[in-house]
Each structure stands twice: as structure tokens, then as C-alpha cells.
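Notes for the one structure printed next.
The values are calculated or read from the model by the stated rules, or taken from the named source; none is laboratory data. Owing to the predicted nature of the structure, the values given are computational and were not obtained by experimental measurement. Using ideal geometry, Cβ is built from the backbone for each residue, glycine included, and neighbour counts are taken over all protein chains shown.
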Amino acid sequence: MGLQPPVYYIKSEYIETDTGNKVSRRATIAGPQNIILGGKTIIASGAIIRGDLRRTGTGHAVVISLGRYCLIGEGCVVRPPYKTYRGNFNYYPMKIGDHVHIGANSVVEAATIGSHVEIGKNCIIGKFTIIKDCAKIADNTVLMPNSVVPALAYCFGSPGQFVEDLPESTQEIVESETKAYYNRFQALES
Amino acid sequence: MSAAPVPPPPNLPSSSASFHPLHTLYFCEECDAVRCNRCVAIEVSGYYCPNCLFEVPSASVRAERNRWDSAEVGITFEKPTGLAQQLQKFEDSAPEFLEFERLKDFFEPLVRATSSSHGPGNTSHSTHVNALTTAASSALARDIPGVSKGSKDDLPVYRARVEVSGASGLGAGGDGDADIMRHLESPADVSGLEQRWLSSWAEPLHARELKPIRIPLHSRLTKRCPACRHILIKPEQKAQSVRYKIKLVAANYLPAISVNLPISQTTRKSMSIAQKEDDGSTGKSTMIAGKTYPFQLSMTNPLYDPIQVRLAVQRQQLSAADEVGPGSNVEADNAKLRRPPFAVTLPSTAFSVAAFAEAWEYEDDEEMFGVDDDELLVRTGNGASPSKERSARGKVKTVGVLEKKANTTVIGGEVVLSRDGRGDVKFNMLVSYTYRSDEPQDDNEGDPKARSTAKAVPEMKTFSFYTVVNLGMIVPKEDLTSAANAMEM
Ligand SMILES: [Zn+2]
Ligand SMILES: [Zn+2]
């Protein structure tokens with residue numbers, strides 16, 4: 001703890017909210033009124049979050065909600081899942097828990113991602129995927145649409161497959177790592 | 001991390017089995033010992049389907065053997081439940097299943113005959129296995145001239161139901177397969193090796209003829225200490241819960257140790273080519289042969305009591321093979337091996353690490369983490385000159401206690417690399433910590449003076465363990481220059 005070097009960002013590039021969310025001005029936040037950020041969550045440069053893709057008919061609705069201490073890495077695309085049900089095309093909301101890190105350039109169309117979940121770089125998380133708490137998805141993994149990842153499962157590959165169970169202390173580790181990351185993510189003036 | 005009395009040298013590939021990351025280890029309070037995933041006794045506390053997360057009652061796991069995956073193979077079910085039983089009908093008439101039944105019919109009387117001759121007294125299971133082995137070995141012996149042992153030679157000959165060998169045999173391929181291949185439209189039409197490998201010995205070549213197979217259920221496990229049988233891990237009832245009724249993990253007992261080798265950013269950049277791709281993320285560094293580097297170890301105390309920590313570098317163990325070398329060349333090589341390519345200096349005196357307090361968990365902001373890493377860099381100096389515990393004012397200090405912050409103490413060490421050093425700078429470090437075994441008192445907590453007077457009190461306990469410290473890799477000087485040149489182009 002505390003020995004890892006800080007991750008610096010140019011202060012003017014990020015907007016910091018009252019609850020400590022840090023959102024890059026180079027990220028695309030479409031439909032911000034439909035997006036909830038839990039606090040101390042970082043949206044990195046180049047990320048695209050599609051809060052504008054909301055269910056037709058309803059007025060104001062939460063499309064994408066993210067918990068506390070999350071990280072949406074550089075160039076990630078977070079887009080709500082969609083399907084045609086009884087002849088009607090619709091988008092469905094996406095819920096992401098606390099302490100969830102998503103690596104750079106991953107595309108996420110999940111329905112639910114639990115808390116303390118780690119998703120690697122360059123992953124594709126298919127439509128309506130359900131990822132339970134404390135799961136870990138390795139870099140470059142492709143999860144098929146409608147996949148289910150059990151709690152504490154480590155998944156890898158294309159298509160993503162279960163590799164092994166993660167240790168019982170995963171929750172604590174991920175929690176301290178995500179907190180540490182947020183605290184290491186520091187502004188550099190000018 | 002290893003609780004073994006003397007761990008193997010950290011550089012051997014085989015040693016990896018002896019060391020585990022702290023967060024994967026357990027701690028038995030009864031035995032006062034660290035336990036790992038390899039040695040704990042496990043029992044299943046619940047089953048669930050990895051595809052739909054359905055929690056399968058243990059009773060139905062036993063009855064139905066498992067659950068099913070479905071595929072488009074034109075199998076229709078009469079009812080939506082008990083698919084395993086419905087599919088059993090198809091399986092029961094499959095040639096390989098019939099063959100297996102026939103084998104059983106053939107061998108069971110033989111097994112019974114041999115086991116009865118062994119007499120009673122054995123447990124049924126081991127008798128069964130023994131009898132099977134006997135039957136199998138006598139069958140084997142019969143085919144090998146000179147091995148057969150008289151009376152057991154009169155085993156009847158087993159005749160297979162289906163002729164397996166030969167071009168027309170079951171799953172034998174031949175012209176039929178060649179014909180299929182010739183008319184193939186897409187590689188996906190052929191069932192994959194993986195699909196066939198794990199199923200039966202005669203799976204269809206056509207992907208469309210594959211039958212749905214049972215997918216293994218996942219389970220949550222209760223883990224017990226192998227020595228005293230006390231429970232170390234007991235999951236909650238709900239399969240997808242990440243909470244535990246009992247969770248005795250080593251991280252709650254042993255100090256967490258992390259290591260850092262401060263190298264200036266410019267050095268890091270110019271070395272990036274020589275480095276393996278992901279060194280940045282793993283925190284592994286490269287060092288230049290012949291130089292001296294300061295490094296930092298942070299110790300974080302999980303106990304509600306302060307601890308006194310003492311560190312020692314394990315001397316490299318010499319195996320018998322290393323000691324005696326017949327040829328002079330071998331001897332020279334061994335001499336090279338024997339001399340570690342680096343020398344590590346650690347603080348020789350004990351230092352304290354303050355107690356863990358819940359309050360710090362909530363105060364997870366600025367002061368707690370990483371902010372003053374730069375200060376550290378400045379204070380310890382960036383680099384090269386060896387400066388062994390120079391405590392004189394104004395001089396940089398690299399070896400000793402560098403900082404205390406909440407329940408973390410950062411200490412500095414130093415590594416001197418030999419001129420022809422190669423490979424990983426990895427060493428075993430013995431960590432001994434002393435703590436008070438009774439309930440903590442609120443006064444004088446974390447006060448080193450109070451601790452040292454308390455040392456005389458008999459309820460102090462010491463626990464020791466070995467850990468591997470990996471500082472990074474030694475890069476020969478010439479490699480580095482060529483890498484830097486490549487960068488400039
Ligand atoms: Zn073990
Ligand atoms: Zn025990």
C-alpha cells in the first residue's frame with residue numbers, strides 16, 4: 001500500500017464533481033441526464049458512455065448507473081444492451097456496482113455488473129451479460145451476449161470461459177486497490 | 001509466501017509451488033500456522049450451475065448426476081424438467097454405453113470370484129479396487145508370455161459387442177470420413193477436437209450430430225485446516241454471495257509487504273525496450289549490472305496491536321549437486337551459480353508497525369495513500385551511490401526506517417549488483433514479528449517506548465514466515481545502450 005507511484009493527469013483535462021467523480025473532457029458522455037455516477041468514479045479520456053440510448057416511451061430514465069470507485073478506462077465504450085421484444089426495439093438499462101474497473105478499449109453492453117469486478121483491457125462484454133460480484137475478466141476476453149459470470153469466477157478467452165475460482169479475500173483486495181487507484185489519480189497543475 | 005521452515009531458493013522454477021501470494025493464504029489460529037489452498041481439506045458446501053446460477057440442491061446432484069447444456073440437435077423433450085433422465089434413454093442405447101455394460105457384465109463375476117477368495121475383513125471399496133486390479137493384471141499377464149501365473153490364466157476371452165478396429169469400426173474414420181471432408185462446406189461443420197475429446201470415444205464427426213452434454217456444476221467450498229480440522233473458510237448459504245460465515249485469511253494476521261524500486265522516470269523510459277512488455281503494470285523494474293540501488297519495503301499491520309518486525313535475508317542454500325562438480329568447467333559454472341549476483345542490505349534492528357485501526361479505513365483520502373512518494377524519492381536519493389545507514393544530519397539515508405504512516409511502516413534497503421550479474425533479483429526474506437497475544441489496552445498504543453518496556457512481559461508472541469522479494473531484473477550494461485540507441489532512431 002502506498003508504494004505505487006501516482007497516476008498524474010492534467011488538471012484542466014478533467015472535471016471533478018462535488019462527489020469526487022473525475023470525468024475527462026475528452027470522454028464522450030452522451031445523455032448525461034440519464035447517467036448516474038456514484039462518486040469517486042473516474043471516466044478516462046476517449047471513453048464513450050451512451051446515456052442517450054434510452055428506452056422509448058419513458059421520459060427521464062436512468063440508462064447507465066455506476067457505483068463508487070469505478071474506472072472506465074481510456075477508449076472504453078459503455079453502451080446499454082438492446083433487443084427486439086414482441087416487435088418493439090428497445091434499449092435496456094445497465095447497472096454497474098461499486099469498485100468496478102474496466103480496462104482501456106473495452107466495449108461493454110452488459111445488463112448487470114456486480115461490485116468488485118475487474119474487467120481487463122480490450123474486452124468485449126456482450127449484450128445482456130450478467131457479471132456477479134468479485135469476478136475478474138482477463139484482458140482481451142470476449143464474453144458472448146447473455147453470458148453469465150458467477151461470483152468470484154476468473155474468466156478468460158474468446159469466447160470467454162471459466163478458468164478458476166478467485167481467492168476468498170478478493171473483495172477486500174479489489175476494494176483497497178480501487179481506492180488506492182483513485183487516490184493515486186492526481187491532478188498536475190497546467 | 002511460505003510457512004515452511006526453510007523455503008527453497010526463489011529462483012528455481014519448481015519453487016513457485018512453495019510460495020503463494022498472501023491474499024490466497026489462510027491462517028489457523030488453533031495451530032498458529034499459515035495454510036494454503038493445496039493443503040486445506042475441502043468439502044462442498046453447495047452446488048450451482050455456472051450458466052444460469054441455479055442453486056442445485058445436493059440431493060438432486062446425487063440423483064441426476066448433473067445438469068444439461070442444450071444445443072440444436074433435434075432432440076425434443078416430453079417435459080421441461082428432468083432432462084437428464086429423458087436423455088438417458090438415448091444414451092442407454094448408444095453403442096459405447098452398451099459396450100460398457102457388456103464389459104461390466106463380463107468382469108463383475110470375475111471380480112466377485114477373486115474378491116471372495118481374498119476373504120472378508122477389507123472395506124468394500126478397497127476390496128473392489130483390489131479385485132479389479134487383480135483381474136486386470138491377470139488379463140494383462142495372460143497376453144504376455146512367461147508372465148502368466150498358472151491358475152489365473154483361465155480367464156475367458158472377452159468379445160467386444162462392436163468391432164472397433166478396422167476401417168468400418170465404430171469411430172474409426174476411414175473412407176467415410178474422407179468423403180465427409182471432401183464435401184465439407186465450412187470448418188464449423190466438423191465437430192471440434194475439444195468437443196469430441198472430452199465426451200465419449202466415438203463422437204460424431206459432424207458437428208450437427210453432437211449431443212448435448214452435461215456441463216459440470218460449480219461448487220462453493222468449505223475449507224478446513226489439514227492438521228486440526230478447524231474450519232478456515234465457510235461460505236454463506238447463497239451461492240452467489242461473496243460473504244463468509246467463517247473466513248480466516250492470512251492477510252488478517254500477517255503484515256502485508258510491498259516492494260518498490262524507485263528509478264527516475266527518464267531511466268525508466270530509456271529502459272522500456274529492454275523491459276518485458278507489462279513490466280509497468282506488475283511494478284517490476286530493471287536494473288543495470290554493477291550498480292547499487294536503494295529499494296523500499298512497506299509493511300502494513302493488519303492486527304489491532306502494534307508489532308515489532310525484524311527482517312533477515314536468507315542465505316542461498318547450496319544443494320549437494322552444487323558442491324561437487326567433477327569437471328573444471330562445471331565447477332566454474334557452479335561457482336558462478338553459487339555466488340549470488342547481488343547483495344542485499346536490510347535494517348538489522350527491529351522496527352515497529354503501528355496497530356490497525358478501523359478509523360483509517362474510512363479516512364481513505366489523501367494522507368493515507370501514495371501522496372508522498374515523491375518526497376520519498378527525494379529523501380532517499382534517486383540512485384547510485386551506496387550509503388550504508390549514514391545517520392549523520394543532512395546525509396541521505398537509504399537503509400533503515402524511512403517513514404511511518406498509519407499502520408504502515410516503510411523501510412529502506414539497498415541492493416548491490418555484481419558486474420556480471422544476470423537474471424532476477426529475487427531473494428527469500430525471513431520476517432519475524434512480535435505482538436501481544438492478549439487483548440489490547442488503549443493506552444500507549446503505538447508508542448515504541450512503551451512497547452520496548454512491555455517486551456519483558458511474557459505474553460508477547462513471535463511469528464515468523466518467509467517471503468520472496470522480487471526487486472526486478474538485471475540488465476547487462478551493453479544491452480541497455482543498444483536499447484537506448486534503438487529508441488533514438
Ligand atoms: Zn499448504
Ligand atoms: Zn489447525
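Can you say whether B:CYS52 is within 30 Å of B:ILE215 (Cα to Cα) and out of contact with any Leu (no Cβ under 9 Å at 6 or more places or on another chain), as far as the supplied structure shows? Give the derivation first.
On the way: within 30 Å of B:ILE215 (Cα to Cα): yes; out of contact with any Leu (no Cβ under 9 Å at 6 or more places or on another chain): yes.
For B:CYS52, the condition - within 30 Å of B:ILE215 (Cα to Cα) and out of contact with any Leu (no Cβ under 9 Å at 6 or more places or on another chain) - is met.
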Task: Subset of the range B:26-50 that is more than 20 Å from A:PRO167 (Cβ to Cβ) and crowded, with 18+ Cβ neighbours inside 10 Å - its residue that is farthest from ligand 2 (Cβ to nearest atom) - done: B:CYS49
Open item on the list: Would you confirm whether or not the range A:79-94 contains a residue that is more than 13 Å from chain B (Cβ to nearest Cβ), in contact with a Gly (Cβ under 9 Å, 6 or more places away or on another chain) and at pLDDT 95 or above?
Closed with: yes
TODO: Of the conditions (1) more than 16 Å from ligand 2 (Cβ to nearest atom); (2) part of a strand (DSSP E or B); (3) closer than 22 Å to B:MET429 by Cβ, B:PRO10 clears all except one; give me its number.
DONE: (2)
TODO: Scan the range B:205-233 for residues that are more than 10 Å from chain A (Cβ to nearest Cβ) and within 16 Å of ligand 2 (Cβ to nearest atom) and jot them down.
DONE: B:THR222, B:ARG224, B:CYS225, B:PRO226, B:ALA227, B:CYS228, B:ARG229, B:HIS230, B:ILE231
TODO: Return only the number of the condition from (1) buried (at least 23 other Cβ atoms within 10 Å of the Cβ); (2) within 12 Å of chain B (Cβ to nearest Cβ); (3) farther than 24 Å from A:THR19 by Cα that A:VAL117 does not satisfy.
DONE: (3)
